[in-house]
Amino acid sequence: MLPRRIYQFFLIYLLGLLVLLALKYGLRLSDYVIPGLESLWQTLCEVLPRYAADVWDTLQVAVIGQVLSIILALVIGILGRKTTWFGNFIKAAAYNVQAYPIVALAPIIFILLGDGFLSRLLIAAMICYFPILLTVLGVMSEPVADVEHFYRSTGRMRWQLEVKIRAFENLHKLTTVIAGSATLAMAGTIVAEFIAANAGIGYSIRIALYQSDLARILVALLLIGICLSVYQGLLEYSGSLVKKAWTGSA
Amino acid sequence: MQIECRNISYRYASESEPIFENLSLCYDQPGFHALFGPSGVGKTTLAKILWGAIQPSEGNVTKGRIKTVLYTYNLERLPDWSTTGRHLEKVTPSGKDDLRQELVDIFDVRRCLGQRFGGLSLGQQNRVNLVRYLLQDFDLLIMDESLANVDEKTRETILMHLKRLFKARMFIYISHNLVEVAKFCKKIAVLRSGAKKPRVVWTSGQDLQLGGELQQGQVERTMLEIMNAA
């Protein structure tokens, strides 16, 4: 699972690189526009330690943001699963808010909270929160009649059991959205850094952009891709372990 | 002990015609009774009205001395997060461990106890599901195709012992198996399609008990009556 993700990323990255090189040599573009392989290698050797630290910094923010989103989405999803006014309000609000591009709110957050850690965390959490919330709400508000019938008719149904049944029956859906939201959390953090933060790989990309240094941007993309592939692979692996432990089969 | 529907009417929101109109029906004694009828005639709807999950638009259901009604059907599942044995233990009320052991043997599901529900055959699943209902406190148990996919011999054993163990309780057995209904059930309500009047025709089955002698002639007569009524 993990090696496959990294291998797939390398394949896509190499394809992208080949397209750029084809453009460079086909249109006879200078190294200033699209760097050659030698220039790329030199840049990689030069910025690798610093960019690796930046990606690690970004990943930490993304992971914390994602964990916060998962916890919040689970709490709100569980509270909003009922067809009460509160449940309906939560669902309507979630569907409407998720239709809005959250990243457009980033400037407000930077104005209010400055360009530090908290702003990056908040934007990362906000961007990956709504997809998780919608999935949790969908899963938790859909009764599993064939399983729940016995517990309801014999008066054994408690909210904890209801949540457990629905989570168990939709385990694949939940693990998939959690693994998928890692990309969103990472994207949210990078976008936040790109807009106004003072740390992280997004910030480094912004500086490289101002210098029109495509080689640095390509190195940053390589490191982001490797890091995200490893993280997603680990999430998928953890998901499969949870499934195996809970269902007895992978 | 009796359960009675008086002049009930009910129409599904998606349908233009009511499924029941002024339908009356009464099971008035403990024992193993049947609700028989062709597919789509409304047996499950009627069962759900008797159980209380569906409220008729007109008429009422009275339950004389019946406090707890349970309804079970053949598509129910146990959660797959632990073994069926563990699930059965968890839903066994205190003091009913011996009954659980006895039912496990009668239903021939002992070897299923170490497995998860999803790994069982359909027949085994239905048997395990029925065992957990029989462990509960109930006055009336409505069994909607609960023994589907169970082989004839095991089904016969189960029904015989069920009648022995729960003499004071009432069962309403919904099945499409004509022979089984005629052989094992006491009162048989044949629910007919909407165009036929009356909607319910009653007949008596042999109500065969454990160790009792099968009256082939009576069973055949009952089967004919049911066939004619349906």
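What the table below lists for this structure:
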item	result
Odd one out for A:Asp146, checked against (1) under 25 Å from B:Thr68 (Cα atoms); (2) more than 14 Å from chain B (Cβ to nearest Cβ); (3) of a type in the set (Asp, Glu)	(2)
Enumerated helices (runs of 4 or more DSSP H) restricted to the range B:86-183, each holding at least 2 residues that are within 14 Å of chain A (Cβ to nearest Cβ) and touching a residue at least 12 places away in the same chain (Cβ under 8 Å)	B:122-134
Whichever residue in the range B:52-85 is more than 10 Å from chain A (Cβ to nearest Cβ) and among the basic types (Lys, Arg) and, among such residues, is farthest from the chain's Cα centre (by Cα)	B:Arg65
Verdict on A:Leu234 being surrounded by 19 or more Cβ atoms within 10 Å (Cβ to Cβ), more than 14 Å from every other protein chain (Cβ to nearest Cβ) and in contact with a helix residue (DSSP H, G or I) (Cβ under 8 Å, 6 or more places away or on another chain)	no
Verdict on A:Glu193 being crowded, with 19+ Cβ neighbours inside 10 Å, closer than 30 Å to B:Phe117 by Cβ and not basic (Lys, Arg)	no
Those residues of the range A:26-39 which are surrounded by 11 or more Cβ atoms within 10 Å (Cβ to Cβ) and at pLDDT 90 or above, in sequence order	none
Residue in the range A:172-189 that is surrounded by fewer than 19 Cβ atoms within 10 Å (Cβ to Cβ), away from chain B (no Cβ under 11 Å) and in contact with a Lys or Arg (Cβ under 8 Å, 6 or more places away or on another chain) present	yes
Condition met for B:Leu50 (touching a Cys at 6+ places or on another chain (Cβ under 9 Å), closer than 19 Å to B:Ser146 by Cα and either among the aliphatic types (A, V, I, L, M) or free of Cβ contacts under 8 Å to residues at least 24 places away in the same chain (or both))	yes
The lone exception for A:Met157 - which of (1) surrounded by fewer than 16 Cβ atoms within 10 Å (Cβ to Cβ); (2) in contact with a Leu (Cβ under 8 Å, 6 or more places away or on another chain); (3) over 19 Å from A:Arg5 (Cβ atoms); (4) not β-branched (Val, Ile, Thr) it fails	(2)
Test result for A:Phe89, more than 14 Å from chain B (Cβ to nearest Cβ), free of Cβ contacts under 8 Å to residues at least 12 places away in the same chain and hydrophobic (A, V, I, L, M, F, W, C)	yes
Scan of the range B:207-230 for residues that are closer than 15 Å to B:Leu35 by Cα and assigned to a loop (DSSP other than H, G, I, E, B), ordered by number	B:Asp207, B:Ala230
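Listed here are the residues, each with its yes/no results for (1) within 14 Å of chain B (Cβ to nearest Cβ); (2) within 23 Å of the chain's Cα centre (by Cα); (3) surrounded by fewer than 16 Cβ atoms within 10 Å (Cβ to Cβ); (4) part of a helix (DSSP H, G or I).
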position: A:Val47; (1), (2), (3), (4): no, no, no, yes
position: A:Val55; (1), (2), (3), (4): no, yes, no, yes
position: A:Ala104; (1), (2), (3), (4): no, yes, yes, yes
position: A:Val139; (1), (2), (3), (4): no, yes, no, yes
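Here's the yes/no breakdown for (1) more than 19 Å from A:Tyr13 (Cα to Cα); (2) in contact (Cβ under 8 Å) with a residue 60 or more places away in the chain; (3) among the hydrophobic types (A, V, I, L, M, F, W, C):
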{"residue": "A:Val191", "(1), (2), (3)": "yes, yes, yes"}
{"residue": "A:Phe194", "(1), (2), (3)": "yes, no, yes"}
{"residue": "A:Val219", "(1), (2), (3)": "no, yes, yes"}
{"residue": "A:Leu234", "(1), (2), (3)": "yes, yes, yes"}
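The values are calculated or read from the model by the stated rules, or taken from the named source; none is laboratory data. From a predicted model like this one, the values you see are computed outputs, not experimental measurements. Because the Cβ atoms are built from the backbone with ideal geometry, glycine has one as well, and the counts that use them run over all protein chains shown.
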